[in-house]
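S.K.: Have a look at this one.
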Amino acid sequence: MTLDFKAPKDCLKDKVILITGAGSGIGRTAAITYAKYGATVILLGRTTEKLEQVYDEIEALGAPQPAIIPMNLLHLSEEQALQISEKIEQEFGRLDGLVNNASILGTLTSIEQHSYETWEQVMQVNVNSTFLLTKHLLPVLRQAPKSSIIFTSSGVGNQGRAYWGVYSVSKFATEGLAQVLADELEGTNTRVNIVNPGATRTAMRAKAFPGENPNDLKTSDALMPLYVYLMSDASEAEHNQRFNG
Ligand code: NAP
């Protein structure tokens, strides 16, 4: 249903939307697409050059000027999360959308063989930093008339599968965080939903399935009707839902 959403041209006009992992993959496509629909996008990611390329692409479109936050989520502290929120408050006065998209895959291996170092890193990037950012952005999300949070899960985020290790566990935790928060925000101006993008042609997918032909997969663009829908006011009644891309 939502994948058929025909987005009106200016449906994200005047919205301020932060996307994590905006330098490549699904996050990059979402950032550029949101800008095309009129949003001011805040690009957060760990590789500054990639963020600058997205920035330039958005400027070339004549879309609203984006903002860049270079940040390695592996090392995000609570203090830094607070500073990001304060900066957004000062610059924009509110936040209309948050796309918790950045993630790492770790190593696909058995639990018995799993390295604890990888376990900690994946939990840090996929879960702990998502918690910290979301927690500290809630006050600015509350300042918007209607705000929307997307948590990004996976096919292994609600059904465990052998050898998907900490990535699968981190996505279960992501879904848990989203559900707890959604229940707490019931009846408020902030809606919370989960997206499982499904197999999509990106670097992460190629790492997980090296033998697969990328041309057999949908591109990130195919997900955009859903991603735009969830950030536009057309989805204001959607809350505590899980969408498959
Ligand atoms: P991707 O191409 O690997 O992109 C991930 C993005 O996250 C990149 O921009 C990356 O930055 C950023 N990132 C990774 N570690 C970071 C860190 N420590 N700090 C800041 N940014 C960091 O992956 P994708 O396929 O687009 O995945 C996007 C989301 O969809 C993820 O949550 C993933 O789990 C989920 N997902 C994807 C698929 C699929 O088939 N593609 C399926 C199910 C779920 P750099 O570019 O600088 O590395």
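The values are calculated or read from the model by the stated rules, or taken from the named source; none is laboratory data. Only a predicted model underlies this, so the values are computations on that prediction, with no experimental measurement involved. A quick note on method: Cβ atoms are made from the backbone with ideal geometry, for glycine too, and the neighbour counts reach across all protein chains shown. Each accessible area value is taken on the protein alone, full model and side chains, heavy atoms only, with ligands, DNA and RNA left out. Shrake-Rupley method; radii C 1.70, N 1.55, O 1.52, S 1.80 Å.
S.K.: What full-extension length gain, to one decimal in nm, is calculated for GLN143 and GLN53 as 0.36 nm per residue of separation minus the Cα-Cα distance?
M.R.: Using 0.36 nm per residue and subtracting the Cα-Cα distance, I get 29.4 nm.
S.K.: If you stretched the chain out fully between ASN240 and LYS9, how much longer would it get, using 0.36 nm times the residue separation minus the C-alpha to C-alpha distance?
M.R.: Gain on extension, ASN240 to LYS9, equals 80.5 nm.
S.K.: With a 1.4 Å probe and all protein chains kept in place, how do VAL180, VAL169 rank by accessible area, largest first?
M.R.: VAL180, VAL169
S.K.: With only alpha-carbon atoms in the gyration tensor, what are the semi-axes of the equivalent ellipsoid for the stretch 2-244, in Å, largest first?
M.R.: 26, 20, 18
S.K.: For a quick size check, give me the Cα extents of the stretch 84-136 along its three principal axes, largest first, whole Å.
M.R.: 48, 15, 13
S.K.: A follow-up question, please. For every other residue with a beta carbon closer than 14 angstrom to the beta carbon of VAL140, add +1 if it is Lys or Arg and -1 if Asp or Glu, then tell me the sum.
M.R.: +2
S.K.: Which of ALA60, ALA144, ALA203 ends up with the largest GNM mean-square fluctuation for the chain, with Cα atoms connected below 10 Å?
M.R.: Of the options given, ALA60 has the highest mean-square fluctuation.
S.K.: Leaving out ligands, DNA and RNA, and with a 1.4 Å probe, what % of the accessible surface on the stretch 1-94 is carbon or sulfur?
M.R.: About 47 percent, which is the carbon plus sulfur part of the accessible surface.
S.K.: Give the accessible area for PHE131 in Å² (nearest 10); use a 1.4 Å probe, count only protein heavy atoms, and leave out ligands, DNA and RNA.
M.R.: Rounded to the nearest 10, that gives 100 Å².
S.K.: A further question follows. Show me the three semi-axes of the equivalent ellipsoid for the stretch 174-245, from the C-alpha gyration tensor (sqrt of 5 times each eigenvalue), largest first, rounded to whole Å.
M.R.: Ellipsoid half-lengths, sorted descending, are 29, 15, 7 Å.
S.K.: Output the relative contact order of the stretch 2-244, whole-number percent, from Cα pairs under 8 angstrom with separation of 6+ residues.
M.R.: After rounding, I find 21 percent.
S.K.: Under a 10 Å cutoff between Cα atoms, tell me which one of GLY160, GLY187, GLY106 has the largest fluctuation in the Gaussian network model of the chain.
M.R.: With Cα springs under 10 Å in the chain, the top fluctuation among GLY160, GLY187, GLY106 is at GLY187.
S.K.: Continuing with this model, one more query. Mean-square fluctuation check for the chain, GNM, Cα pairs under 10 Å: which of ASN72, ASN193, ASN215 is largest?
M.R.: ASN215
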